[in-house]
Structures are given as C-alpha cells and as structure tokens.
Amino acid sequence: MRFAWDLLSPLQWAALLAVPPAIVLLYFLKLRREPLEVPSTFLWTRTVEDLHVNSIWQRLRKNLLLFLQLLLLLLAILACLNPSWRGTRLEDDRVIFLVDNSASMSATDVKPSRLEDAKRQVSALIDEMKSGDNGMIIAFSDSDGARTVQSYTSNKRLLKRKLETIKPTHRKTDLKKALRFAAGLANPGRNAYDETDAAAADAMPAALFIFSDGRVSRSPEFSMGNLKPTYIPIGTATPKNVSIVAFQSAKNPEKPGQLEAFVGLRNFGIEPAQVELSLYLDDKMIDAESLSIEGDSQAGAEFALENVETGVLRIEIDSPDDLAVDNKAYAVLDTTQRARMLIVTKGNLFLESAFTTDRIKKYADVKITTPEHLATEEYKKDAADGTYDLVIFDQCAPATSVLMPIANTVFFGTIPPGDAWQADETIEGPRVIDSEPSHPLMQFVNMGNVLIGEAIPLKPPKAAITLLDTDLGAMMAIATRDSVQDLVIGFGLIGRGEDGSEYFNTTWVRNDPSYPVFIQNVLSHLGGVSDESSQMIHQPGQLVQLRLDTSSKKLRLKTPDGSELEAGRGRTGAFAFTANNDIGIYELVDPAQADTTHRVAINLFDEVESNIAPVSELQIDEHVKVAATTRGVERTRREAWKVLVGLALVVLVIEWYIYNRRVYL
Amino acid sequence: MPPNTETSNLLSPELLAQLERLELVTRKIFRGRMKGERKSRRRGQSVEFADFRNYVAGDDLRFIDWNMYARLDKLFLKVFLEEEDLHFHALIDTSSSMEFGDPTKLHYAKQLAASLGFIGLCRGDRVKIDTIDQPLARPSPSLRGRANLWRMMQQLDEIASGDNTPLEEGIKNFCLRNSGKGILILVTDLMDKTGYEAGLRYLLAQDLDVYVIHVLSAAEIDPDLKGDLKLVDCEDGDVAEITVSKPLLNRYQRTLAAFLEGAREFCTRRGIHYLMANTDIPVDQLVSSYLRKRGLVR
C-alpha cells in the first residue's frame, strides 16, 4: 500500500509544525492554580514530596490532557493533509459476478484450479463491496448450465457461502444465457417492435464481472445495455494441454473380426509434448502408445483390436497436463441402435438407390412400399405405433392427417394432408434464389445451380423454417408436427408423363454432389442413422436420444458419478435423457429385458474448450469486445481523512471524560 | 452572674443532664490540696476503712477497734481513706488551624473542655482551662463547684485562635504554670510542623494522667478537592501546589493514616491516652461513649 499526501508548502509546514510547541508552551504557561487556605500543609507536603520531581517527563506524565490535546491536534493535521493509499474499491452499488465453471475452468495451470482462483477473486471483490451494495452471482457453462447462484443481496456472508457451492463441470462454455440472467434487472424487457411499450421496471445499471478464460463456443450476440462488463481472464498465458479431440471405433472392412480404434489428439500448448496413450477395454489395459506432438498441432493414433465385439473402450493420456478432463475419451462398441425407414413410392430409382446403399443397410432397416400400402391396416398400425423413424412419401401422401405417421416424414412433390400445409398451383421452372445453410439439413448443400421442372410453391405452417426459396415461392420447408418433423420438398425428383414414362424433374439428382449430401443429412437429422462416420458425439449437458427395441416405457439410467435416474420414452418413441456434468459411460438398464444394458459414451471433444489459453478479448457481439483486465476492480485512491477525523472525535470524547473525571495516569 | 448565652452553644441542657451523672476517673489517685470526693491513698477521715495500725499515745480513742482488742488484747487504730479533690486541666490548642471545620475544631475543643469541666465542677474537682498560647505569666483561675460553671463558660467563650504558638512552647508554659498533678486533656490537631513529641514529653515529666484528644475536621480526614490548587497554610503561609488526582488523594489518606498511627503509638508507648476525634462525632457521644471506654469518665 503506498501512501500519498497532499503536500504543503514549506511555509504551511512551518505554520503547522509551530502549533504543537505553542500548545505545550501555552499549556504550561497558562496553568493557574486556585489558591486555597488549609489548616495546614503539613500532611500535603508529605504527600506530594514523593511526587514532586523536577524532571520534565514527570511533569508531563501528570498532564494527560495535554497529551490528548496534542494527539487531537496531530490527527487534525493529518486529516488536513488528506493522506490516501492506492487501494481498490467497487464503484458501483450493483455488482454481478459471472463465474465460468465449464470444463476449461478445471485447468490446474492456476493452483488449485482456475475455478477456485476465480472464486477467490470474486470473494475478494465481495469484500470490496460497500455497505448497502448489492451483489449477484451467476455460474455458467453451456446454455443449460447457467444458473443464478445467488440473486441480489447485500449480505456478503451469504454471497460468499453461495460462491462456495459452485462446482466444476465438464460442459462447454456458452455465455449468452448467463448474460440474459445478468441483464434481467439492468435491462428491463421491452418489446423492440412496439414503440409504445414501456419498460416493466426502471433500469438498474450494474457492473458485470466475468471470470472466465473466455473460451466460449460462440459469440453471445448480446447487447449489454446498462451492464458495464469487465472481463477478468483466469489462467496463465501459456498453459500446457494435449487433448483428445476424437475417438471412435470401426470394423476393419478388409479384415473381418478386427476392430480399429482411432484417436485424434491436439496439442494446444506452444511447446512440443510427449504423450503416453493407454487403451482400456472394459477397464483392462489392452494397448499403449507413445507419440510426440509439436506445439499447436494435431496427431493421431490407431489401435487394432482383434476379436473384440462389444465392450467399452477408454483411451487415456497418461502424461499430466493442465486440463485433465479432456485426457480421457470413451467409445461404446456395441451400438445396437438401427434406424427404421419406410419409403412410399411408385418407383423412384434415385430415391431408392440413395436409401439402400450397403452403408445405410448397416445402420438402418429400409422398407420400400407403394402408395397403396398407405390404405392397409398394417400401415395404419405402424403409423400409429411410431414403428418407423423416418417415412418418405414420394409424390404421395396419406389420405388424412389422422393417417400421418408418428415419425419424421419427407414429402417429395406433395404436401402432407391437413390444413397446416398449403400449396399453390403447379408451376414450372422456379429458380433457386436462397437457402438456409445454417440448418442441419442444408449443411454443405448448395442448390444454387439446381434446375427444377414442375413444382408446387409451398405455403408452410407459421413456425416452419423455409430451407429453399425460389422466385416463385418456397420450395423446401420443415415444420414440427407434435414431436416429429415434416420436411416438404415442393418438387419431385422425377416426373411422369401421360404415358407413364419417367423423366428428370430436376437436375439435382443428376451429378449434383449436393444431393447425396442432402440425403445423408436427412438420414442423420431425421432418420437417426449413426455409423462410424456419423456417430453422434454426445457431450456433457446435451440431450441424448436413443431408439431401442424394447417395450419398456422407462429405463434406469446410471451416470458416471454413480447416481441413478430414470429415462422415459418420449412421444417420438426414443428414450431421452440429459447427460449431466460428467464425461464417461451412461448406462440405460432395461428391466423388461433381464436388465439389458445399453451404453452411451459422453465425451468432451471440444477444441474450443480444450484450448485453455485465456483470450485477451471477450467477444460480446459483432462490434463489442471486452478487453481483459488484470485486476477486477479499479485502482482508486482511498482517502483516510474520515478515519482520522473519527479518531480525533474519539480523542475529544476521551479528553472530555478525563477533564470531568479528573483521571490521570 | 447569669450564665452567658454562649453556654447554650457549648453545652445544651440535654447534654448537661447527661453530664451530671458522670464523674471523672483517673487511673492514678492523686493527692489533692483540699478535701474532695476522690479517694486518695492518704489516710484520713472518711467512712471508708483502709487499714489498722498500732495505737500510740495521743491517737483519737474513737478510732480504736475494740473487737480487735477483745481478740488480741492489744490496741489497734482504724485508718480510713482520706477524701481529696481532683485537679482537672483542659489544655486547648488555639492555633489558627483549629479554626477550620464545621463545627470548627476550636469550638469542638471548647465543647469538650466544657463538658469535662462541668463534670469536674459537679464533683467538686478543681477545674482549670488553659490554652496553648497562654502566656506563662498569666495562669488560669482554678474553679471548684457548680457555682463556678458560668465562670468556666465565660473563660471558654473568651478563647479565640490567632496566636500560633508552637505546641511544644505552649505545653512547656503550661507545665511551668501548673506544677500539680491531675488529669490533663490536651485537645489539639497536632498539626505542628515542629512536631508534637517534645511537647508531650514535657507532660510525661509532669506525671499527669494525660489524655490527648486529636481533633480533626471531616475536610481534613477526607478532603474534597479538585483541580490544580495552591494550598496555603493558614498558620505560616507555606504553599503546597498540588494537582488533585485519585492517586494523590489515595496517597494523602495513607499519609494521614501514618500520621495518626504515629501519634497513637507515641502516646500509647508513653502511657498517654490517645483518642482521635472527628468533629462530626457529637461531643456527648464522644464523652459518654469514647471517653467512657477510655476510662476518663464513668
């Protein structure tokens, strides 16, 4: 702590320093004794003779009031000099602490961990709060992991107690929801479209302190409004971390009975790293490998496993680094999930061939039938039971909306029955003008050069998402129907002439690479197909859905931390659960099938989260960045004059007391 | 002469009634000049048998114990105790320091002297009132009998402080003026810077039954002083500058206690009766209680 003084001029100093001696002089000079006649000074003389000493010190010792007056003067002089020191103080009376407890905050480059360091800094800031200041604590990881740990309170002890309840997670980082929580009072909600709408409450500006390493999955695209953000980076500038970014297994097509396990590694440090890998099958080590990875680069490893059909594979990096959570990965070998699909068509080579490849056959059961099948009892039952994961209607549709299957559907060249979907008259030659590339179905699908013959412009339901737009109307859209989705494409892949001959209705199926990509997207997104190339990566905090061949409505879920929950079957027929905070193997136990266990691997596999070097700027939205600060609070000049004046008042009271009580040392 | 109005200030009627029932007592039986109510060792004529002695020619035949003659066939004479009078002296310190207190120590001393003197007059004792500042050449009158009460009171009224004669000198002059034996009560505050020891030794030489009544006012015993004071001695003008504080007052108490204890010890060792009297103690209580316990009155 460095003190600063408002220095005086030499003349002022001389005047000030002359005051204490003047007081001493006056005190002794002005000392008048009241004369009092007594019968005899005989006894008094005897009494005082021991005390009567000529030394100045003894005289001064009797003059407690003098000392107190000098002390009072000294305190007054000090207060006038206005001493101060460089300290820290929270300037705002409302403070919000955002504490990142995602996977990267478990890094140990700061001891004992980044999260503990963040909590320590928050605790120090809580101590800086003035009486009457209000503080709020929000812990955040991914969008589901954001929670208000403690709402606004001026109780520092309560804030600190709640701060300690923040535990680390293995989740990714998403700042948006946490910022929404924080903005609750600072930016009271109002309708941006209605100018007459007034804010529900007065805006309460608040200082926002974000304790994080800044490794967010995506920019929150958030308007701070009345929030004054301060980003405090947690962690060292050059941490060491080698993480497992991919781990999957596949059957070796060339060698039947052999399984191959692939591990992808990434060294996020700047120094080369020597990595020791260990592979476990059902907790038994079966293989190991050592490899070195250059700084900020990737590497991979392969393991060949003979005669392994089922089990849980676990790969571990034995070499310690600053983040341990991404040093492990899991893979389940006995994936039993197979998709069930129904294709209803009069005959469509492009459709049939796309859905009946050998690759798809490995992971899906595909049935092809004719539109007449839609009138059969078998179809009605399957539709009502949700037997299928995906039903494709090629230029046909069920008669009524009641006959729509409880499954995802794709309609080519026709719309679903019912009132939800509408279509205009058939048109010819619509030109593609826009698409929705951010939708999973349109990922890597570019239809800008696709020509379309006959088509029906779509009028999808209100909440539908238009995936393909032409100059004559929407040509592809997807909408939710209850718990399933309907994808409607306004044109068929082939046309039929009056004589029954077939012709291309679109160039999309002719040598356009986006068509098979689109089909793959349909299979993954709507069909629930997963194979070694499209194995679903389940990460902590995400919703996991499994289609299992069982009549049970509920399964027992065992999580890696040992807790047991329930996973129920949803309306889509799939069992769903939300992976909690931990990576590892989640087990679904089916009591109806002699406790058969279905296992799901949850892994981090997030390069953003594993890249644990703190960022220097936190991107809030496209234009707003918050630079990192080294300290959580502003350095400010803490003045001490109030303390000195308070002390002077105390001395004055003591002096009054002594004067009245005639108490001396 | 009618009693002076001052009499009522010193002796109230209630006190007089109380004192009438008392008499002065001394451990020592002294020879008095005149016949009084005291029993003396001297053999004389009284009703109190003392001893036998052989008859010699010329003795009064009325005092022959005929029973003894019948038994022993020898003549013995009865000897009786002579009743003599007691000399009571009151020596009052009239220094300026005796004017302090409420009532003043001097007034208190006068009251005490008047009370004891009254007792003596009632019993036919010889009473003499002296003061420390009394010149050697001016002896006090000896008073006997109740009829001389007014004269005693008048003498007491005329006593005033002022002449600060040292205690030793005053006692010495008293001893020179009064060669006789008897009871002496010295009423003083002993606040003599030259000391009291020499003066009291003079009294020892006189072979008096000495009672030292050490009179102090309440203000001297527990002074209620505050602040920074310049204490001025009323007798010699000596100045003592003090700053009153609790430690100082505590130390004063210790000094006073030591002084009192010193005087008590000095007197006790030398056979002098010592009594410390606070002017807050009523005189009748002092006489009837404290002095009775000391054996001065009964």
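The values are calculated or read from the model by the stated rules, or taken from the named source; none is laboratory data. Because the structure is predicted, anything quoted here is derived from the model rather than measured. Ideal geometry is used to build each Cβ from the backbone, glycine not excepted, and the neighbour counts take in all protein chains shown. Surface areas here come from the heavy atoms of the whole protein model, side chains and all, with no ligands, DNA or RNA. Shrake-Rupley method; radii C 1.70, N 1.55, O 1.52, S 1.80 Å.
Of the residues A:ILE286, A:ILE244, which single one is crowded, with 20+ Cβ neighbours inside 10 Å and in contact with a Leu (Cβ under 8 Å, 6 or more places away or on another chain)?
Sole residue among the options that is crowded, with 20+ Cβ neighbours inside 10 Å and in contact with a Leu (Cβ under 8 Å, 6 or more places away or on another chain): A:ILE244.
Among the numbered criteria (1) modelled with pLDDT of 85 or more; (2) in contact with a Lys or Arg (Cβ under 7 Å, 6 or more places away or on another chain); (3) open to solvent by less than 30 Å² (accessible area, probe 1.4 Å); (4) over 21 Å from A:ARG215 (Cβ atoms), which one does A:THR636 miss?
(1)
Filter segment B:251-298 down to residues that are without any contact (Cβ under 8 Å) to a residue 12 or more places away in the chain, open to solvent by 70 Å² or more (accessible area, probe 1.4 Å) and within 13 Å of B:GLU197 (Cα to Cα), then give me how many there are.
Count: 3.
Within segment B:128-137, is there a residue that is farther than 21 Å from B:ASP238 by Cβ and of a type in the set (S, T, N, Q)?
Here is the first cut: in segment B:128-137, the ones farther than 21 Å from B:ASP238 by Cβ are B:128-131, B:134-137.
Okay, now just the ones that are also of a type in the set (S, T, N, Q), so B:131, B:134.
Yes: one or more hits.
Just to confirm my filter: which strands (runs of 3 or more DSSP E) fall fully inside segment A:78-165 and include at least 1 residues that are touching a residue at least 24 places away in the same chain (Cβ under 8 Å) and open to solvent by 60 Å² or more (accessible area, probe 1.4 Å)?
Numbers: elements: A:84-89, A:94-100, A:134-140, A:147-153.
So the answer is A:84-89, A:147-153.
Restricting attention to segment A:335-356, does a residue exist that is among the small types (Gly, Ala, Ser), farther than 21 Å from A:PRO540 by Cα and either in a loop (DSSP other than H, G, I, E, B) or at pLDDT 90 or above (or both)?
Yes, the conditions are met somewhere in segment A:335-356.
Every residue, every condition in (1) open to solvent by 30 Å² or more (accessible area, probe 1.4 Å); (2) in contact with a strand residue (DSSP E or B) (Cβ under 9 Å, 6 or more places away or on another chain); (3) in contact (Cβ under 8 Å) with a residue 24 or more places away in the chain, yes or no:
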site: A:ALA207; (1), (2), (3): no, yes, yes
site: A:PRO229; (1), (2), (3): yes, yes, yes
site: A:GLU271; (1), (2), (3): yes, no, yes
site: A:GLU302; (1), (2), (3): yes, yes, yes
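Each row is one residue, and each column tells you yes or no for (1) among the polar types (S, T, N, Q); (2) over 19 Å from B:THR104 (Cβ atoms); (3) facing chain A (nearest Cβ under 9 Å).
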{"site": "B:LYS181", "(1), (2), (3)": "no, yes, no"}
{"site": "B:MET191", "(1), (2), (3)": "no, no, yes"}
{"site": "B:GLY195", "(1), (2), (3)": "no, yes, no"}
{"site": "B:LEU208", "(1), (2), (3)": "no, yes, no"}
{"site": "B:SER217", "(1), (2), (3)": "yes, no, yes"}
{"site": "B:GLU220", "(1), (2), (3)": "no, no, yes"}
{"site": "B:ASP228", "(1), (2), (3)": "no, yes, yes"}
{"site": "B:VAL232", "(1), (2), (3)": "no, no, yes"}
{"site": "B:GLU241", "(1), (2), (3)": "no, yes, yes"}
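Which condition number in (1) buried (at least 22 other Cβ atoms within 10 Å of the Cβ); (2) assigned to a loop (DSSP other than H, G, I, E, B); (3) out of contact with any Asp or Glu (no Cβ under 9 Å at 6 or more places or on another chain); (4) hydrophobic (A, V, I, L, M, F, W, C) is the one that A:VAL488 fails?
So A:VAL488 meets the others, but not (2).
Can you tell me how many residues within segment B:243-296 are among the aromatic types (Phe, Trp, Tyr) and more than 14 Å from chain A (Cβ to nearest Cβ)?
So the count comes out to 3.
Sort out for me the strands (runs of 3 or more DSSP E) sitting completely within segment A:542-605 that have 1 or more residues that are modelled with pLDDT of 80 or more and among the basic types (Lys, Arg).
Of the strands (runs of 3 or more DSSP E) lying wholly inside segment A:542-605, those with at least 1 residues that are modelled with pLDDT of 80 or more and among the basic types (Lys, Arg) span A:554-558, A:596-602.
Where residues in segment B:105-127 are open to solvent by 10 Å² or more (accessible area, probe 1.4 Å) and more than 20 Å from B:PHE174 (Cα to Cα), which of them is farthest from the other protein chains (Cβ to nearest Cβ)?
To start, the set of residues in segment B:105-127 that are open to solvent by 10 Å² or more (accessible area, probe 1.4 Å) comprises B:107, B:110-111, B:122-124, B:126.
Still in the list and also more than 20 Å from B:PHE174 (Cα to Cα): B:107, B:111, B:122-124.
Values: B:HIS107: 14, B:GLN111: 18, B:CYS122: 34, B:ARG123: 35, B:GLY124: 37 Å.
Top of the filtered list is B:GLY124.
Among the residues of segment A:492-501, are any surrounded by 16 or more Cβ atoms within 10 Å (Cβ to Cβ), at pLDDT 90 or above and assigned to a loop (DSSP other than H, G, I, E, B)?
The answer is yes, given that some residue of segment A:492-501 is surrounded by 16 or more Cβ atoms within 10 Å (Cβ to Cβ), at pLDDT 90 or above and assigned to a loop (DSSP other than H, G, I, E, B).
Got at least one residue in segment A:608-617 being modelled with pLDDT of 75 or more, within 24 Å of A:PHE577 (Cα to Cα) and open to solvent by less than 70 Å² (accessible area, probe 1.4 Å)?
Looking for residues that are modelled with pLDDT of 75 or more, within 24 Å of A:PHE577 (Cα to Cα) and open to solvent by less than 70 Å² (accessible area, probe 1.4 Å), one finds at least one in segment A:608-617, hence yes.
Under the condition of being under 26 Å from A:ILE126 (Cβ atoms) and of a type in the set (D, E, K, R), which residue from segment A:639-665 is modelled with the highest pLDDT?
Result: A:LYS642.
Need at least 1 residues that are surrounded by fewer than 17 Cβ atoms within 10 Å (Cβ to Cβ) per element, so show me which strands (runs of 3 or more DSSP E) inside segment B:128-246 make the cut, counting only ones lying wholly within it.
B:228-233, B:239-243
Wholly within segment A:363-472, which strands (runs of 3 or more DSSP E) include no fewer than the required count, namely at least 3 residues that are of a type outside the set (Val, Ile, Thr) and open to solvent by less than 60 Å² (accessible area, probe 1.4 Å)?
Once the strands (runs of 3 or more DSSP E) in segment A:363-472 are filtered for at least 3 residues that are of a type outside the set (Val, Ile, Thr) and open to solvent by less than 60 Å² (accessible area, probe 1.4 Å), what remains is A:390-394, A:408-412, A:465-470.
Going by what's in this entry, would B:PHE118 be described as outside any loop (DSSP other than H, G, I, E, B) and either without any contact (Cβ under 8 Å) to a residue 24 or more places away in the chain or under 22 Å from B:ASN278 (Cα atoms) (or both)?
So B:PHE118 passes the test.
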